[in-house]
Amino acid sequence: MASPSLLRPAAATARTLLRESTRVHHIAQSLRHHSSSVSADELAHFSGLASSWWDPMGPSRVLHLMNPTRHDFIASCLAESTPAAASSQGLRYLDVGCGGGIFAESLARTLPSSQSAELHPRTKAASITAVDPSPSLIKIARDHARMDPKVFELLQRGIFRYENTTLESLSDKIATNSSTGDSQQQQQQQRQQASTPDAFDVVTLFEVIEHIDPQSSSAFLAHCLRLVRPGGWLIGSTIARTVPSFIVNKMVAEAPWPIGVVPWGTHEWSKFVNADELRGRVEEGLMRASDGRGHRAGGEALEGMRWKVAGVVYVPGWGWKMVAGGEDWGNYFWAVQRG
């Protein structure tokens, strides 16, 4: 018979796992009625990682390592076509599904300081709003931002802010309330509404779309695109649904430590989306974003649209690297500029 001293560590581990499982279950129950395209179980999973979100060697370490490449891809989009606001007052950013703020805070560090109004040459950011439906993650993000005096000052000035809200709630603020009218009139009204103070020049959606049910992803993207001003960009990253991505992102990435880099159950392979499929959903989202009560948009909603995609691979010891044409290998960046 095993001695009590040998059984205590196993018992302690079992109690810890039970507490964590119970906590995640309670989070899922509390988020069950949250009006968001992301399921309550997905929100609970990521809310359960809140305490380790800012640990550079923890479950979110691949997100920390991806930040420089995210900035590179944004810069490449703006180099191809910069929204008009960049030359005057700077760009308004919205980070959707910000989690604990890993990307949002890095973007905030490019904002003009109180000592200088000069825009950052790569991001050209003037303000940033970061949103997430998980209250525990928003709390983690705000608490971490307050630890750095420079970032805290940006919060105090109101040019950087976190909001515990859903994408759908933001989209509803500028949703079309127009009555019937011809398509040209409707399109003009849509452009005017997309230019309101509630719209943004750049909306980012990093590592989010693969956590949205495929049947609702076009509606989710339509909400995103309603918030993008004409000439603005919706920029994101996701994972292709291919055999290589299953091996890398499920079998290897979610393997037990020390091989795996994210917790088991972080991804559902069936929700991964290939670049050509995503472009189709984006185009459908653009048309839905241009719909009105008396008008259903068609091909005219896609006029002036610009599509961009680039594969990105993780190389141990080197970090994330963009690979042109590598979007079928697994992770990839994508972007659409609204016409």
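Points to keep in mind about this one:
- Of the criteria (1) modelled with pLDDT of 95 or more; (2) exposed (fewer than 15 other Cβ atoms within 10 Å of the Cβ), which one Leu154 fails: (2)
- Residues in region 157-173 that are at pLDDT below 95 and crowded, with 18+ Cβ neighbours inside 10 Å: Thr166, Leu167, Leu170, Ser171.
- Only residues that are touching a residue at least 60 places away in the same chain (Cβ under 8 Å), assigned to a strand (DSSP E or B), open to solvent by less than 30 Å² (accessible area, probe 1.4 Å) and within 19 Å of Ile209 (Cα to Cα) were counted across region 295-330, and they come to 2.
- Any hit, region 42-53, residues being over 22 Å from His267 (Cβ atoms), more than 17 Å from the chain's Cα centre (by Cα) and surrounded by fewer than 16 Cβ atoms within 10 Å (Cβ to Cβ): no
- Counting the residues of region 92-122 that are assigned to a loop (DSSP other than H, G, I, E, B) and surrounded by fewer than 23 Cβ atoms within 10 Å (Cβ to Cβ) gives 14.
- Breaking point among (1) surrounded by fewer than 18 Cβ atoms within 10 Å (Cβ to Cβ); (2) closer than 18 Å to Arg281 by Cβ; (3) modelled with pLDDT of 90 or more, for Phe333: (1)
- Ala145 being open to solvent by 10 Å² or more (accessible area, probe 1.4 Å), of a type in the set (Gly, Ala, Ser) and free of Cβ contacts under 8 Å to residues at least 60 places away in the same chain: no
- Pick from region 272-294, criterion crowded, with 21+ Cβ neighbours inside 10 Å and farther than 12 Å from Ser218 by Cβ, ranking: modelled with the lowest pLDDT: Gly292
- Residue match in region 238-253 (condition: part of a loop (DSSP other than H, G, I, E, B), at pLDDT below 90 and within 20 Å of Ile209 (Cβ to Cβ)): yes
- Take the conditions (1) in a helix (DSSP H, G or I); (2) in contact with a Gly (Cβ under 9 Å, 6 or more places away or on another chain); (3) open to solvent by less than 30 Å² (accessible area, probe 1.4 Å); Gly231 misses just one of them, which is (1).
The values are calculated or read from the model by the stated rules, or taken from the named source; none is laboratory data. All values derive from a computational prediction rather than experimental measurement. Every residue, glycine among them, receives a Cβ derived from its backbone with ideal geometry; neighbour counts consider all protein chains shown. For the accessible areas, the whole protein counts, side chains as well, though only heavy atoms, and no ligand, DNA or RNA atoms are used. Shrake-Rupley method; radii C 1.70, N 1.55, O 1.52, S 1.80 Å.
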